[in-house]
Amino acid sequence: MNHSYQQGPLGNTGSKRSTIVAARVLAIVWFSFITYLFLLPGKKLPQWGWTKWVAFDKWVHAGFFAIATGLFIVGFSAIQKNNRHIYLLVSILVYGVAIEFIQLYCIENRSFSWVDIVFDWLGAYLGFTWSYQCLEKKKNFNKCESVRSSK
């Protein structure tokens, strides 16, 4: 069966368009949500004693950036066959550093932390690795499916 869909890493892009749009919307919503949280004054953040013991804040940073990176890469570089995923990763890393400077100079009761940046980058790396591997597996699976269906 011959379809007029454009082939991309996620297969027939016409049939995957709604998934990509959903990932883009989720990426923008998630990015807006974490930006709001990063810009909250320090006195509005919850203070639980046990969170300092397990470095909860640092793992939250890693999780936030892993999810943001994964969503942006799946949503915005799934169809293209260029290096857009690298630009997205670098942009997210720069965003993490910029947030720390904004917290230092513009947000009450917040400070700059190199450790936060390290965990931001760790999360971005994990999100990048996960999403890129998922896209590669999907692309390879679609190639196999194309070969099988042409026989």
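Every read-out reported here was derived from the displayed coordinates using simple, explicitly stated rules and does not represent laboratory data. Only a predicted model underlies this, so the values are computations on that prediction, with no experimental measurement involved. All Cβ positions, even for glycine, are placed from backbone atoms using ideal geometry, and neighbour counts span all protein chains on display.
Each Lys or Arg adds one and each Asp or Glu subtracts one; over the other residues with Cβ under 12 Å from the Cβ of Ile99, this totals -2.
Packing around the peptides 116-125, 34-43, taken as the average count of other Cβ atoms within 10 Å per residue, puts them in this order, highest first: 116-125, 34-43.
Take 57-70, 84-97, 101-114 and order them by the average number of nearby Cβ atoms within 10 Å per residue, most first; the result is 57-70, 84-97, 101-114. Between Ser91 and Val29, the simple spin-label model (points 7 angstrom out along Cα→Cβ) gives 2.0 nm.
Remark: spin-label model distance Cys106-Leu39 equals 0.7 nm, labels positioned 7 Å along the Cα→Cβ axis. A simple spin-label model places the labels of Ile117 and Val21 4.0 nm from each other, with each point 7 Å out along Cα-to-Cβ.
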